[in-house]
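The values are calculated or read from the model by the stated rules, or taken from the named source; none is laboratory data. Predicted model, so just to flag it, every value in this text is computed and none were measured. Don't worry about glycine lacking a Cβ; one is built from the backbone with ideal geometry, like all the others, and counts go over all protein chains shown. Heads up: the accessible areas ignore ligands, DNA and RNA and are worked out on the full protein's heavy atoms, side chains in. Shrake-Rupley method; radii C 1.70, N 1.55, O 1.52, S 1.80 Å.
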Amino acid sequence: MKKVQSTCNYCAIDCNLDFYVENNRVVKTVPTKGYPVNDGFCCIKGLSLDKQQTTVKPNSLPKIRQADGSFQEVDWETGFQYVADKLKELQAKYGTESIAGISTGQLTLEEFAIFGHVMRNYLKANVDGNTRLCMATAVVAHKQSYGFDAPGFTLKDLELSDTIIFIGANPVVAHPILWGRVRQNKVPNHKIIVIDPRESETAMNADYWYGLKWRSDLLLLYTIANQLIEKDYLDHKFIKEHTEKFEEFKQFVKDYTLERAVSGTGLSKEQILELVELIHNGKRVSFWWTMGVNQGYEAVRTAQAIINLALMTGNIGKPGTGANSITGQCNAMGSRCFSNTTVLFGGGDFTNNVRRKRVAEVLGVDESMLAEKPTKTYNQIIEGINAGEIKGLWILCTNPRHSWTNNETFASAAKKLELFVVQDIYDTIESAEDCTVFFPVVPGLKKEGTYINLERRLSAMRPVLKRGENEISDYEAVLGVGKALGMGDTLKGWETPKDCFNLMKECSRNMPCDFTGVTWEGLEGSHGIQWPYPEGKEAENKEEQRRLYEDGQFFTPSKKAQFIFEDVRENPLPTTEQFPYVLNTGRGSVGQWHTQSRTKEVKFVEDVSVKKAYLYMNTKLAEENNIKEMDEIRVYSINGQNAVFAVKVTNHVQYQELYAPIHYMECNKLTPSIYDSYSKEPSYKATPVRFEKE
């Protein structure tokens, strides 16, 4: 029996697991003891990864749809050539940007990079990812406030903080290992505070829950800032030495009075002042946010309002502090820095001549080959398909027919494509129903690469099982198409994931995400390594859990963090007489994951999961409408769609709010095509609706 240490590729924690293998079968899965992230613990999803060991069967080959609608199985070389020829044909007929790609946060760093090289550099096409659906807001907030997409915390800070504030985050369900770190906190009299419209599972386990009105968080945060200033609860030294634009911010928030906040948030004056005092009395205050903040129409400014609170109170760069974004997927961080979509490999703008020269030098290509601008965003790609401008789409490891906001718009788009390549470990996902080509690829148990978790930690995915005949990885599929396109010498140095890792390492040199001191071999069986980890400075970065900004230095030209702010916007989709209720969305259970294409094969998760779409309704609202537990209702959205849900009756949602788990396609049938102005992240969280009992 052999033991292989590898990385769980579900959520952004990136737990490491020890897989015990005999006769090419996983016989036991044990969370890696001593690994800094999970230290011998893991949630049910990671422990169930062995269920994917037979997902891709031997003799697995690509399929091409025929004129009569049937699929024909072909060998891999034929499949590669077919896709390559169609991509070139469409570009020749309709223009360079008539093809596009959509990836995910679950691929390896190397798979992101090669897809970005083939599609963005060589073909000059647009490629976005479903990182846009969860982390784009945090990315933009970090870049504008800090000068680079560099969250500064380490998970250890959850154990060191005396005041832990979760805003739009539910780690009990969404990130149970992170919640485990909270439970390990031994700081005397530490406080757990939750700001969320719903009394979530985390709120139920908190010391304080502030159940504000939906989409009033920015108003609340500005009001808190104003109160902290009025009471002089500030770190003047930190503000003066390490920030800019505070005086302008100070003047700005004067308009955000207690009276205005009470009216707009639904919280009482006493509650708001209590929260202000809790922040002031904390010696080590940490603010943690995730999708409840990120998925909104003014999300970037909301995230920055959280950052502003940390800056003005000096709660950043110190143990147990920070304005900390909780990432959704396992390698969203790898996507953000190395997918070549919104920034060049390793970070840096596409128009930065110094960065262009460096990246071209590393890749051994002429600068003219590099992508020249950020990609069209996810919504622009879908809208472009529906407008007839984009004719070919290649998606990797994602299921937008289910997960895209207002998902009937993707259903419409898929039917208009002349080439629709779906590359996945399952041909049963909803997005595959209308594909013209299906590329079956292996799950993580059979491939190698690198992941970067929410605290900037690189970890190794290494093959646990040997592959069967014709089984290939996402990396090899993209490489195969690249070769069929005729890329020739421009693929030199990209032959294997390890080769690609070394290219990306060199692209990171002298950037904030520098990991030139990390080696492919050194990651194997390791405790992971957080960036930055530059070559030659390994000794001074030997601590396994490191935070950024301890010296008060940020990545802006002045080295100072920026106070960024903007007036609260009027809600573009308010409730109306016709649509008087609000649909909120989020996780359902620890065992379920996104569109359930992976967790549905875990029997004991399936056994305890509701099989049909359901939502939560307030007890009083249910009684007024004569609705009992598991009665069915039809919910009508302001976006023009409707869907049927079973009802779970609870007092944990507010009277005018319905809460639906994202794991059912009916949920995003109802969400709107509304996006944050800066990140273009969809506003999933507050859709005006009405309902009728079936």
| task | Look at G282 and say whether it is out of contact with any helix residue (DSSP H, G or I) (no Cβ under 9 Å at 6 or more places or on another chain) and open to solvent by less than 50 Å² (accessible area, probe 1.4 Å). | result | yes
| note | If you go through G482, G468, the only one that is in contact with a Ser or Thr (Cβ under 9 Å, 6 or more places away or on another chain), assigned to a helix (DSSP H, G or I) and small (G, A, S) is G482
| Which residue out of Y684, Y636 is modelled with pLDDT of 95 or more, within 21 Å of the chain's Cα centre (by Cα) and of a type outside the set (G, A, S)? | Y684
| query | Restricting attention to the range 674-685, and to residues there that are open to solvent by less than 10 Å² (accessible area, probe 1.4 Å) and among the small types (G, A, S), which single residue is farthest from L212 (Cα to Cα)? | reply | S679
| Of these, L107, L90, L61, L17, which one is in contact (Cβ under 8 Å) with a residue 60 or more places away in the chain, surrounded by 15 or more Cβ atoms within 10 Å (Cβ to Cβ) and not in a loop (DSSP other than H, G, I, E, B)? | L90
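Within the range 424-445, track down each residue that is in contact with a Ser or Thr (Cβ under 9 Å, 6 or more places away or on another chain) and over 27 Å from W531 (Cβ atoms).
D424, I425, Y426, T428, I429, E430, S431, P440, V441, V442
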| task | Would you mind stating whether F515 is open to solvent by less than 20 Å² (accessible area, probe 1.4 Å), of a type in the set (A, V, I, L, M, F, W, C) and assigned to a loop (DSSP other than H, G, I, E, B)? | result | yes
| task | Answer yes if at least one residue in the range 398-410 is more than 22 Å from V26 (Cα to Cα), without any contact (Cβ under 8 Å) to a residue 60 or more places away in the chain, in a helix (DSSP H, G or I) and not β-branched (V, I, T), and no otherwise. | result | yes
| query | Which ones in the range 526-555 are modelled with pLDDT of 95 or more, more than 27 Å from T223 (Cα to Cα) and either of a type in the set (A, V, I, L, M, F, W, C) or open to solvent by less than 50 Å² (accessible area, probe 1.4 Å) (or both)? | reply | S526, G528, I529, Q530, W531, P532, Y533, P534, R546, R547, L548, F555
| query | Only one of these conditions is not met by E694: (1) open to solvent by 20 Å² or more (accessible area, probe 1.4 Å); (2) modelled with pLDDT of 95 or more. Which number is it? | reply | (2)
| task | State all residues of the range 621-634 that are in a loop (DSSP other than H, G, I, E, B) and surrounded by 14 or more Cβ atoms within 10 Å (Cβ to Cβ); if no residue qualifies, say none. | result | N625, I627, D631
| Here are some residues: D14, D18, D68. Which one is under 24 Å from the mean Cα position of the chain (by Cα) and charged (D, E, K, R)? | D14
| D75 versus (1) modelled with pLDDT under 95; (2) of a type in the set (D, E, K, R); (3) open to solvent by 70 Å² or more (accessible area, probe 1.4 Å): which is the lone unmet condition? | (1)
| query | Residues in the range 20-41 that are at positive phi and open to solvent by less than 40 Å² (accessible area, probe 1.4 Å): how many? | reply | 2
| request: Filter the range 208-260 for residues that are closer than 25 Å to N571 by Cβ, open to solvent by 10 Å² or more (accessible area, probe 1.4 Å) and β-branched (V, I, T) and give the result. | output: T257
| task | Scan the range 556-575 for residues that are open to solvent by 80 Å² or more (accessible area, probe 1.4 Å) and out of contact with any Asp or Glu (no Cβ under 7 Å at 6 or more places or on another chain) and jot them down. | result | P557, K559, D567, E570
| Mind checking which residues of the range 639-673 are touching a Phe, Trp or Tyr at 6+ places or on another chain (Cβ under 6 Å), surrounded by fewer than 20 Cβ atoms within 10 Å (Cβ to Cβ) and assigned to a loop (DSSP other than H, G, I, E, B)? | Q656
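Residues G348, G334, G388: which one is part of a loop (DSSP other than H, G, I, E, B) and at pLDDT below 95?
Checking each option against the conditions leaves just G348.
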| query | Do you know which of the residues in the range 426-465 that are in contact with a Lys or Arg (Cβ under 6 Å, 6 or more places away or on another chain) and of a type in the set (S, T, Y) is nearest to Y10 (Cα to Cα)? | reply | S431
| note | Of the residues in the range 591-620, those that are surrounded by 18 or more Cβ atoms within 10 Å (Cβ to Cβ) and either of a type in the set (A, V, I, L, M, F, W, C) or within 30 Å of E247 (Cα to Cα) (or both) come to W593, V602, V605, A613, L615, M617
| query | For G493, are the conditions met, namely being open to solvent by 10 Å² or more (accessible area, probe 1.4 Å) and modelled with pLDDT under 95? | reply | no
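From the list I326, I272, which residue is open to solvent by less than 10 Å² (accessible area, probe 1.4 Å), touching a Phe, Trp or Tyr at 6+ places or on another chain (Cβ under 7 Å) and β-branched (V, I, T)? Write out each step before concluding.
On the way: I272 fails: touching a Phe, Trp or Tyr at 6+ places or on another chain (Cβ under 7 Å).
When all the criteria are applied, what remains is I326.
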| field | Which numbered condition N189 misses (of (1) of a type outside the set (A, V, I, L, M, F, W, C); (2) crowded, with 24+ Cβ neighbours inside 10 Å; (3) at positive phi) | value | (2)
| message | Against the condition more than 18 Å from W494 (Cβ to Cβ), at pLDDT 95 or above and assigned to a helix (DSSP H, G or I), how does H142 come out, does it pass? | response | yes
| task | Out of I382, I395, report the one residue that is open to solvent by less than 40 Å² (accessible area, probe 1.4 Å) and in a helix (DSSP H, G or I). | result | I382
| said: Just checking, does the range 398-408 include any residue being surrounded by fewer than 20 Cβ atoms within 10 Å (Cβ to Cβ) and closer than 30 Å to A360 by Cβ? | reply: no
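To keep it simple, each residue is scored yes or no on (1) among the β-branched types (V, I, T); (2) open to solvent by less than 10 Å² (accessible area, probe 1.4 Å); (3) out of contact with any helix residue (DSSP H, G or I) (no Cβ under 9 Å at 6 or more places or on another chain); (4) assigned to a loop (DSSP other than H, G, I, E, B).
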position: F420; (1), (2), (3), (4): no, yes, no, no
position: Q423; (1), (2), (3), (4): no, yes, no, no
position: D427; (1), (2), (3), (4): no, no, yes, yes
position: E433; (1), (2), (3), (4): no, no, no, no
position: F439; (1), (2), (3), (4): no, yes, no, no
position: T450; (1), (2), (3), (4): yes, yes, no, no
position: L454; (1), (2), (3), (4): no, yes, no, yes
